[in-house]
Each structure stands twice: as structure tokens, then as C-alpha cells.
Amino acid sequence: MSYTWQWQLIWDFRQVFVRGVEVTVMLTWWALLIGLGLGLLLGLMRSSRLAVLRWPAAVYIDIFRATPILVQLVWIYYALPILLGLQMGNIVAASVGIGLHAAAYIAEIFRAGIESIDRGQSDAAKSLGMGYGQAMRRIILPQAVRRMVPPFINEFATLMKLTTLGSVLAVNELLHEAENLINNTYRPLEVYTIVAVVFGLMIYPFIWLSQRLERRWKTRG
């Protein structure tokens, strides 16, 4: 059985893919901003010597890492309006859901980076009269950030792939636009092939950059 590829269809409907890419990028950035902000807070709490700060952060991280993100998205979109009367649009719900999920992993990146810095530097900062926040801001975090950059880039690439789950909430990201196009043209092979290529072109540069930075900084020690 032979299959006749019809690549002209992709060009004819190129605007569909452009729209999908725009929404995918927007969704990724909003989720990243939420994940970074909340992840930093959770990472600092997780690294605290105070149990009252460590335990809530640990519970949050364990819950979001142990449950499927698809369940989290559906729960946020459908359950919050019932329980709290909080109704969010599908794009907002997807951004928040993916961001909250990413925060659990970003928090662990922050925690690992912070704990990779010798504890003696924190003690030295304390002996100089610096508070916890000042020591983190001026001494610990500037050193830890360099070690965090490669895993942050990897997490960004992962976030971009997770945006495809927005299709469950009818978010018109790249995969959802592609599925709509397939329903109208009945050409799944061409459409899914282009979707894979587009995601590869968007994500691979970040993976390459992460690997390059990791090798460079590892060589420099």
C-alpha cells in the first residue's frame, strides 16, 4: 500500500501553524514566570532550617510531582469554579496549571543549587551580621545561579512540550490547532510530522545551549 504525501497542504494552511506556535510560546512564558516565582519561594522554604517552612514546601512539591499534570489541569479548570467560585479562562487555567506543576520541579532546582554552596559561606555571612535574606541575595544565590542555568533551560524545554496538554482545555496551542486541521483535511501524517518538526526546531536550541553551558562550566570547574 503506497501513501501519497501532500505537503502543499501544509503551506496552504501555514497560518494555522503560526497561530499555534504563537499560543504555545505565550503559554510557555506565562507558565515559566509562574513556575520561577513560586519555585524560588518554595526552594528557599525547602532549604530553610525552620521546619515550619520546610514541611509545607515539601508537601506541595511531593503532591505536584506525584500526581499527573493532566489531572491537575482538569482539576484546576473544572473543580475550582465549583469549590471556590473561581472561574478562569482556558488559557489562564492552562498557564496556571502548568506553572504550578513546574514550580515543584523548579523548587528542587533552586534547592539543589543553594545546597551545593558550602554551608560555611552562610555561616561566614552570618558572622558578618547579614540576615538570611541578605546572605541569600548577595552571596549564596549569585553563586548558585550559574549551576542552576542548565537545568533551568531543560525545564523550559519541558514546559514547552507540556503546553500540548492545553489541548485538553481547548487551548488553541500548536497541537490543538493541528488536530483541528486534521479533522478538516484528513491528512494526519503530514500534519503530525510538521508538528513534530516545529517542536523540534523550537526546543532543540535550548537543549543544545544547556549541554554547551554544562560542558563549559564543568571544564572551568
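Side notes on the structure shown:
- Calculated FRET value between A58 and I182, using beta carbons and R₀ = 45 Å, to 0.05: 0.55
- Cα-based helix-to-principal-axis angle, 174-185 vs the chain, degrees rounded to 10: 10
- Taking the C-alpha atoms only, the angle from helix 141-162 to the longest principal axis of the chain is near 20 degrees.
- Per-residue Cβ neighbour counts within 10 Å put R215, R111 in the sequence R215, R111, beginning with the fewest.
- Working from Cα pairs under 8 Å separated by at least six residues, relative contact order for the chain is 29 percent.
- Model label points for Y204 and E22, set 7 angstrom from Cα along the Cα-to-Cβ axis, are 2.6 nm apart.
- Sum of -39500 (n - 2.57) over DSSP H runs of 4+, divided by residues of the chain (222 nm, nearest 500): -27000 deg cm²/dmol
- Label-to-label distance, nm, for residues given as Q6 and M130 (7 Å Cα→Cβ offset): 6.5
- Packing-based exposure ordering (other Cβ within 10 Å, fewest first) of H101, H176: H176, H101
- Compared with the dominant Cα axis of the chain, that is its longest principal axis, helix 69-83 is turned about 90°.
Each value in this text was obtained by applying a stated rule to the coordinates, not by laboratory testing. Keep in mind that this is a model prediction, so the values were computed, not measured. Glycine also receives a Cβ, built like all others from the backbone with ideal geometry; neighbour counts cover every protein chain displayed.
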